[in-house]
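Comments concern the structure below.
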Amino acid sequence: MRGFLASSIGVTCAAALALPLTLPSSGARAATPAPQSPAGPLAVSVPGSTQSLPLTPLGSDRSPGGEAAEQGLLQREVRPFSLVGVIWDDPDDELNGSVQVRTRASGTSNWSGWQPVETHNHEHAADPDDPERATGRVRGSTAPLWVGDSDGVEIRVRGEAAQARGEHRGATESPVERALPEGLRLELVDPGAEPPPQGSAPEGPRSPALTAEAAASSAVNADLAPLGASVIPALSKEETESDLVEARGGPEDAGKVKPHIGPRPRIITRKGWGADEKIREKNFGYTKTVKAAFVHHSASGNNYRCSQAPSLLRSIYRFHVKSSGWRDIGYNFAVDKCGNIYEGRAGGVAKPVLGAHTLGFNSNTTGVAVLGSFGSTNPPSAAVSAIARLTAWKLGLHGANPSGKTYLRSGGGNKYKKGSNVRLNVISGHRDGFATECPGLRLYKKLGKARSDSARHQGR
């Protein structure tokens with residue numbers, strides 16, 4: 001949509017091409033009120049639901065502190081669901097152990113084999129000092145696992161063996177089970193109904209499916225697509241550069257400095273994947289700029305079709321908000337195995353939205369999650385290509401070189417102390433900022449190609 005960007009900022013000199021395309025009106029890390037919806041009839045948002053089941057002790061084994069060393073649930077029939085995860089009371093506690101689930105396909109007697117659920121303690125979360133972390137609603141959580149349409153479940157959670165020293169010198173060390181976190185619960189998420197077929201705009205000037213919250217979420221992308229659009233359309237490189245120059249300096253400056261920016265990719269909006277805007281926090285949070293992109297995998301497994309990606313996203317979104325207690329989905333963007341790009345956390349795809357994706361490095365960064373698990377599975381080339389195209393555009397809006405390095409100040413984590421000034425790749429993997437397996441070794445090895453392709457898209 002050409003011409004939409006021109007009203008974003010009123011910068012008048014060509015030197016401003018190094019500045020972000022859009023800035024929050026109230027400064028860094030501010031939460032700005034969401035725009036209000038125009039008057040008109042509103043409809044109910046896309047439904048979804050979560051079943052939260054407390055885990056109980058399995059067997060008679062106990063840890064030294066008296067807690068059950070293994071908890072879970074035996075086979076049981078439940079209401080339909082498609083995604084599972086485990087939560088616990090204190091987000092600062094760690095689940096040191098293993099989580100395994102098996103599920104029954106809806107309407108059948110077919111049970112899956114045992115599947116592991118990634119524990120990923122703390123690594124995907126708001127920074128320690130961020131207000132999102134201090135709401136009292138945040139809980140510890142595993143990664144979510146996509147299991148498809150199911151109506152039966154069984155789960156077991158077991159603390160890992162730790163070495164306990166004998167009381168007397170020279171005593172042999174013996175393995176004991178570590179206590180599990182308090183308040184373990186199994187979360188079963190139903191993503192709800194599919195949204196209407198995707199299109200670039202609603203059927204009329206006021207779509208009946210556009211709630212006040214959905215209108216607010218869409219309005220922050222109004223420079224890029226019409227209100228209520230399900231898709232932000234792609235632009236050519238020439239169109240993207242022209243709009244960027246016009247927004248920042250006007251046509252008279254177009255020949256002075258050529259911006260390094262990739263063509264804007266097609267992006268499916270939150271409305272396009274059916275986000276229930278009523279469950280997120282109303283306001284939008286922003287940081288100052290975007291200096292780097294962190295690449296993640298969702299660790300939700302690879303057993304989904306691309307047509308199911310919207311359902312998977314709605315499930316992760318609901319798990320992040322309703323189960324984990326976050327203000328919104330943690331990632332700024334998501335990419336599916338077919339290379340489709342999705343808007344993540346609300347606030348505007350061109351804006352420096354503050355995410356909750358890399359503990360300690362959420363400020364001045366953006367988080368891109370590839371839907372799937374890539375520890376032992378190669379990521380599809382379409383997904384790696386999408387990372388390159390998305391970052392070429394997003395980083396280009398903020399003057400960042402995808403093949404370069406930048407300095408980021410740590411907000412605190414398990415790899416860098418709070419306040420550390422850390423030199424990182426502009427396109428980094430999650431493990432570069434936090435000691436974690438994410439984004440999976442196979443995807444991590446593809447980041448070199450993503451960097452070079454992204455820079456090439458920018459014309460570097």
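No lab work stands behind these numbers, since they all come straight from the coordinates. This is a predicted model, so every value here is computed, not measured. Positions of Cβ are generated from backbone atoms using ideal geometry, with glycine treated the same way; all protein chains shown enter the neighbour counts.
Take E194 and L441, extend 7 Å from each Cα along the Cα→Cβ direction, and tell me the distance between the two endpoints in nm.
If labels sit at E194 and L441, their model points lie 3.7 nm apart.
Hey, rough spin-label estimate for N283 and Q51, points 7 angstrom out along Cα→Cβ, what's it come to in nanometres?
Each label point lies 7 Å from its Cα, and together they span 3.8 nm.
With an 8 Å cut-off on Cα pairs and a minimum separation of 6 or more residues, tell me the relative contact order of segment 245-361 in percent.
31 percent
Given a cut-off of 20 Å, name the pairs among K258/K394; K291/K394; K288/K415; K337/K446 whose C-alpha atoms lie farther apart than that in the structure shown.
Check vs 20 Å cut-off fails for K288/K415.
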